[in-house]
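J.: Here it is: the structure, laid out below.
Please treat every number below as a calculation from the coordinates, not as lab data. Quantities reported herein were computed from a predicted structural model and do not represent experimental measurements. Ideal geometry is used to build each Cβ from the backbone, glycine not excepted, and the neighbour counts take in all protein chains shown.
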Amino acid sequence: MYELSIKGHFDAAHFLRDYPGKCSQIHGHTWEVEAVIAGAELDGLGMLIDFSVLKRNLKEALAQFDHRLINELAGFGKGELNPTAENLAKFIYEQLQSRIETETGDGKNIKVIRVQVWESPNASATYKEV
């Protein structure tokens, strides 16, 4: 099994609904994101997937958050997901998996293994399917 990892980032604000502390106020982060994918088969060039393709897919998945208030985005509005690092990690995971399946035609069985989201250098959340 081969694993590839890439990193990206975006700057965005959020607030945590119903949180009993200062994070209930609008504040921002430079969010760092690492995605790890895996697959068993390499192509004729000896690649699982071209890094440039993988980076583009992650960049596209993150672009919707950049310089935005996450609470106003689809999926994170009132009555939807609270924009915690945990929920962002799962949301990005699902979007990246969907983009990779579209890109590869799902024929190579490339899977996202995990997405880790840092809201600060010392605090992160990871989503992976068991």
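J.: Tell me, what HN-Hα J-couplings in whole Hz come from the Karplus equation 6.51 cos²θ - 1.76 cosθ + 1.60 at θ = phi - 60° for each residue of segment 38-44, using x for Gly and Pro?
T.: Those phi angles translate into 8, x, 9, 10, 9, 7, x Hz.
J.: Would you mind checking which residues have amide H under 5 Å from residue 2's amide H? H placed 1.01 Å from N; only 5 or more apart, or other chain.
T.: So residue 2 has HN proximity to 39, 40.
J.: Return the sequence-ordered ³J(HN,Hα) values of segment 24-30 in whole Hz as given by the Karplus equation 6.51 cos²θ - 1.76 cosθ + 1.60 applied to θ = phi - 60°, using x for Gly and Pro.
T.: So the J values, rounded to whole Hz, are 6, 8, 4, 8, x, 9, 9.
J.: A follow-up question, please. Out of (i) 0.95; (ii) 1.02; (iii) 1.08, which label holds the value of Rg/Rh (Cα atoms, Kirkwood Rh) that was computed here?
T.: (ii)
J.: Given segment 2-127, what percent of its DSSP beta bridges are antiparallel, to the nearest 5?
T.: For segment 2-127, the DSSP antiparallel bridge percentage is about 95.
J.: Okay, next question. Calculated from DSSP H runs of 4 or more alone, at -39500 (n - 2.57) each and per residue, what is the 222 nm mean residue ellipticity of the chain, nearest 500?
T.: That calculation yields -8500 deg cm²/dmol at 222 nm.
J.: Report ³J(HN,Hα) in whole Hz for each residue of segment 72-88, in order, from the Karplus equation J = 6.51 cos²θ - 1.76 cosθ + 1.60 where θ = phi - 60°; Gly and Pro get x.
T.: 8, 8, 4, x, 10, x, 4, x, 10, 5, 6, x, 7, 4, 4, 5, 5
J.: Something else now. Over segment 39-130, what relative contact order in percent results from Cα pairs under 8 Å that are six or more residues apart? Let's see the in-between values first.
T.: On the way: 85 pairs, mean separation 25.1, N = 92.
Relative contact order for segment 39-130 comes out at 27 percent.
J.: Next question, about the same structure. Please go through the residue pairs 22/90; 7/111; 59/111 and name each one whose alpha carbons sit more than 21 Å apart in this structure. Spell out each step's value before the answer.
T.: Working: 22/90 24 Å; 7/111 16 Å; 59/111 17 Å.
Violating the 21 Å Cα-Cα cut-off are 22/90.
J.: Net charge within 11 Å of residue 128 by Cβ-Cβ distance, Lys/Arg positive one each and Asp/Glu negative one each, not counting residue 128 itself?
T.: Numbers: positive: 90, 111, 114; negative: 129.
Result for the local shell: +2.
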